[in-house]
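Please read the structure below before turning to the comments.
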Amino acid sequence: MADCIFCKIVAGEIPADLVAQTETAVAFRDLNPQAPLHVLVVPRTHVANVAELADREAETVAELVRVARDVVADAGHESYRLVFNTGEEAGQSVFHAHLHVLAGRPQSWPPG
Ligand code: AMP
């Protein structure tokens, strides 16, 4: 989508700190990190949220999780939190599906 910031990162049109890429997913560091490791894993396909991705490309949902696991392991962490904010009230601000990968500090529950 022309005005989607994550589509532009996937296309290499704007810079990002890439940490992993596969045929269907791209991982890059969040601009505003909330943990020592905070990476976003996004599908190359533009979909608004993870539920839409599950409908259109179910295998890519699994791929996002595999990439997240590998990024965490490569950074030397064992514990991590995966988050898909879905909808404005849940904190979603970019409407291209993305998996937040957070690691490197203790994390409280419930989340804010
Ligand atoms: P969400 O609020 O769940 O939609 O998450 C969007 C995330 O994208 C936020 O954590 C932002 O810090 C992050 N973000 C926005 N623009 C960029 C960018 N150009 N590069 C990396 N991360 C970004």
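The values are calculated or read from the model by the stated rules, or taken from the named source; none is laboratory data. This one's a predicted model, so the numbers in the text were calculated from it and none came from an experiment. Neighbour counts are summed over all protein chains in view; Cβ atoms, including those assigned to glycine, are modelled from backbone coordinates with ideal geometry.
Annotation note: of A62, A58, A25, A2, the sole residue that is at pLDDT below 95 and away from the ligand (no atom under 14 Å from the Cβ) is A2.
State all residues of the stretch 21-54 that are surrounded by 16 or more Cβ atoms within 10 Å (Cβ to Cβ) and small (G, A, S); if no residue qualifies, say none. Those that are surrounded by 16 or more Cβ atoms within 10 Å (Cβ to Cβ) and small (G, A, S): A25, A27, A35, A48. Residues that are touching a residue at least 40 places away in the same chain (Cβ under 8 Å), within 11 Å of the chain's Cα centre (by Cα) and not in a loop (DSSP other than H, G, I, E, B) are absent from the stretch 73-95 altogether. Output the number of residues of the stretch 1-49 satisfying the condition of being part of a strand (DSSP E or B) and without any contact (Cβ under 8 Å) to a residue 40 or more places away in the chain. Residues flagged as part of a strand (DSSP E or B) and without any contact (Cβ under 8 Å) to a residue 40 or more places away in the chain within the stretch 1-49 amount to 5. Here E57 meets the list (1) in contact with a Phe, Trp or Tyr (Cβ under 7 Å, 6 or more places away or on another chain); (2) over 30 Å from P106 (Cα atoms) almost entirely, failing just condition (1). Would the stretch 98-108 turn up any residue that is within 14 Å of the ligand (Cβ to nearest atom), in contact with a Gly (Cβ under 9 Å, 6 or more places away or on another chain) and not in a loop (DSSP other than H, G, I, E, B)? No, that holds for no residue.
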